[in-house]
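Data first, discussion second: the structure below is written as structure tokens.
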Amino acid sequence: MTIIPPTQIQLIPWDPNSEEHINRLILQRLACGWGAENVRETWCKQQQEGHKSLHWIVLKPTPQTPLQLTTHLTSFPQESTPLPYPTSPNTPHSSHPRSEEHSSFIPIGHISLDADEADPPGKLSYDLQNVFRITAFYISKPLQGLKVGSLAMDEVERMAKGRGRKALVLSTAADEYPGREGRFVAMGKTLPVHSVSKWYARRGYELYKTVEEAWFDVDSTGKTWHISAVFMKKDIGGEL
């Protein structure tokens, strides 16, 4: 019987001074459905100043990696050009040392670990200090069944521990809110089968805040559909 090795990943820093890295992140944010306009306007500066620590999610080589990358690139052929490893001295450390045998890579997603200084203003503020915020979490849709998301969360949680912060926090769409089903129909999307917030809850994250009309979509007729958000936290050391 053939034993299939488990999928493995590594996190490689996003380089805010590289046009290739910037353009690829914009493509992936467009695929995600939000935040593409933030890449140049906000995220580059935050990454350069050390307030944001955005990393690419990259498959580590296994016998299955070529097929997995083909699956990803079949859906996103514009991402087929490998990216160079970051060279900027102020780029955060990757989760694994760079191999001299591999000078480029093809990311299949990204995830960010943000400091207090990157906390958004207004009602979308996390309302907590001395924490890390897990934001901009995206996995290529055709690869979402490979547990890549769990592996990426394992890595950022490992990175966060021992760095003097009290908790990890994140936000995601609520499971129920007015107009939810109508929004998915209007936007031509399929209702999710699984609850994202329950997935985070199984990882130890607890609800501490709900925001009505946190985000919005605009459909082809110009109608605005509001989305409610839940904010969740996981203590990693001490009291808040």
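Just so you know, all these numbers are worked out from the coordinates, no wet-lab data involved. Here the structure is a predicted model, which means the values were calculated and not measured. Positions of Cβ are generated from backbone atoms using ideal geometry, with glycine treated the same way; all protein chains shown enter the neighbour counts.
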Could you compute Rg(Cα) / (2.2 N^0.38 Å) for segment 169-240, with N its residue count?
1.28
Which of the lysines could a cross-linker span from Lys209 if the Cα-Cα distance has to be under 24 Å and same-chain partners fewer than 8 positions apart are dropped?
Lys52, Lys123, Lys161, Lys166, Lys198, Lys233, Lys234
Relative frequency of Cα-Cα separations exceeding 17 Å in segment 101-240, percent:
66
Full extension from Leu67 to Lys123: what is 0.36 nm times the residue separation minus their Cα-Cα distance, to one decimal in nm?
15.9 nm
Want the number for Lys45 to Arg163: 0.36 nm per residue separation, take away the alpha-carbon distance, what's left?
40.3 nm
Check cross-link reach from Lys45 to the aspartates and glutamates: straight Cα distance under 15 Å, and skip same-chain residues fewer than eight apart.
Asp15, Glu19, Glu37, Asp114, Asp116, Glu117, Asp119
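Which FRET efficiency value, to the nearest 0.05, do you get for Asn23 and Glu206 by plugging their Cβ-Cβ distance into 1/(1 + (r/R0)^6) with R0 = 45 Å?
Using R0 = 45 Å, I get an efficiency of 0.75.
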Which Rg and Dmax, in Å, describe the Cα atoms of segment 167-206?
12.2, 37
So what are segment 16-72's ellipsoid semi-axes, whole angstrom, largest first, if each one is the square root of 5 times an eigenvalue of the alpha-carbon gyration tensor?
25, 14, 9
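How fast does the chain diffuse by Stokes-Einstein, in µm²/s, taking the Kirkwood radius from C-alpha pairs at 10 °C and 1.306 mPa s?
Numbers: Rh = 19.0 Å.
Result for D is 84 µm²/s.
As an exercise, use a Förster radius of 51 Å and the Cβ-Cβ distance of Asp154 and Ser220 to find the FRET efficiency, rounded to the nearest 0.05. Please list the in-between numbers first.
Details: r = 39 Å, r/R0 = 0.76.
That gives a FRET efficiency of 0.85.
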Helical contribution to [θ] at 222 nm, DSSP H n ≥ 4, -39,500 (n - 2.57), averaged over the chain, rounded to 500:
-7000 deg cm²/dmol
